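Enquirer: Would you mind keeping the following structure in view while I ask a few things?
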Amino acid sequence: MRPTRTSTTGTARAPGRALAAGALLLLTACGSADGAPPYPAPAASTASTAAAGTASALTLTDGWVKAADEGMTGVFGTLVNASDADVHVVAADSDVAGRAELHEMVSADGGQMVMAEKEDGVVVPAGGQYVLAPGGDHLMLMDLTAPLLPGDDVVVTLEAADGSSVDVTVTARTFSGAEESYQGGDS
């Protein structure tokens, strides 16, 4: 039995680390060609407040992460904002990855859809939701520190523009999505 991965609450996180740009990579972690989810409906993820602020109103429902041996993988689910104010998620972090980025799908030269960092993060509207899905906006865990096997629990810290953060837990599962490319930056 593999140990459950957890993060230490209250640890300092390096600014900008979660939004570092990556090199052009081939991704097998995200998306399906027809958008149909080839996985059973997951249980709701848990969330706990890491700091007071707008992020404490966020939860991630139906959250999951694609099991992966190495490299990178995607985190998916629905961010739900229970507050009466928008929550601007600008960064993410996880102990299982060297870095994390918020991604979107964009059209590259030749019309091919590729992943690119969502430079300004995502806004979860007051009382609303924001879907993170294969083939759409999602969270990437890059430079994995160890394999993620089906059933592993992974803690991801979501950081808001106001400096607050919230931890969400997702479970790794098998997913055979389409191969997508990552349009990275200079580093």
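Enquirer: If you average the sequence gap of Cα pairs under 8 Å that are 6 or more apart and divide by the length of segment 64-187, what percent do you get for the contact order?
Expert: 36 percent
Enquirer: Report VAL87's accessible area, 1.4 Å probe, all protein chains in place, as a number in Å² to the nearest 10.
Expert: 0 Å²
Enquirer: Amide H neighbours of GLY151 under 5 Å, counting only residues 5+ apart in sequence or on other chains, H built in-plane at 1.01 Å?
Expert: Distant-sequence amide H within range of GLY151: ALA172, ARG173.
Enquirer: Residue by residue, what Karplus-based ³J(HN,Hα) values in Hz, rounded to whole numbers, does segment 144-159 have, using 6.51, -1.76 and 1.60 with θ = phi - 60° and x for Gly and Pro?
Expert: Per residue, the Karplus-derived 3J(HN,Hα) values read 3, 8, 6, x, 10, 9, x, x, 5, 8, 10, 9, 10, 9, 9, 10 Hz.
Enquirer: Still on this structure, please answer the following. Once amide H atoms are built 1.01 Å from N in the peptide plane, which residues 5 or more positions from ARG99, or in another chain, come under 5 Å H to H?
Expert: For ARG99, whose amide H was placed from the backbone, the distant partners under 5 Å are MET142.
Enquirer: Right, something else. To the nearest 0.05, what FRET efficiency results for GLU119 and THR174 with a Förster distance of 41 Å applied to their C-beta separation?
Expert: 0.85
Enquirer: What are the ³J(HN,Hα) values, in whole Hz, obtained from phi via the Karplus relation 6.51 cos²θ - 1.76 cosθ + 1.60 with θ = phi - 60°, for each residue of segment 98-103 in sequence order, with x given for Gly and Pro?
Expert: Per residue, the Karplus-derived 3J(HN,Hα) values read x, 7, 9, 9, 8, 10 Hz.
Enquirer: If I model a spin label at GLN129 and ASP95 as a point 7 Å from the Cα along the Cα→Cβ vector, what separation in nanometres do I get?
Expert: Each label point is offset 7 Å from its Cα along the Cβ direction, giving 3.1 nm.
Enquirer: Let me ask you something else. Would you please give the residues with an amide H less than 5 Å from that of ALA91, counting only those at least 5 places away or on a separate chain, with H modeled from the backbone geometry?
Expert: GLU159
Enquirer: Between HIS88 and ASP69, what is the label-to-label distance in nm when each label sits 7 Å out along the Cα-to-Cβ direction?
Expert: Calculated label separation equals 4.2 nm.
Enquirer: So what are the ³J(HN,Hα) numbers for segment 84-90, from phi and the Karplus equation (6.51, -1.76, 1.60; θ = phi - 60°), rounded to whole Hz, Gly and Pro as x?
Expert: These are the phi-based 3J(HN,Hα) values: 9, 10, 4, 10, 9, 7, 10 Hz.
Enquirer: Which order do ASP153, ASP69 take by accessible area at a 1.4 Å probe, largest first?
Expert: Ranked list, largest accessible area first: ASP69, ASP153.
The values are calculated or read from the model by the stated rules, or taken from the named source; none is laboratory data. Since the structure is predicted, the reported quantities are computational estimates derived from the model, not experimental observations. Every residue, glycine among them, receives a Cβ derived from its backbone with ideal geometry; neighbour counts consider all protein chains shown. Keep in mind that these areas ignore ligands, DNA and RNA; they rest on the heavy atoms of the full protein, side chains included. Shrake-Rupley method; radii C 1.70, N 1.55, O 1.52, S 1.80 Å.
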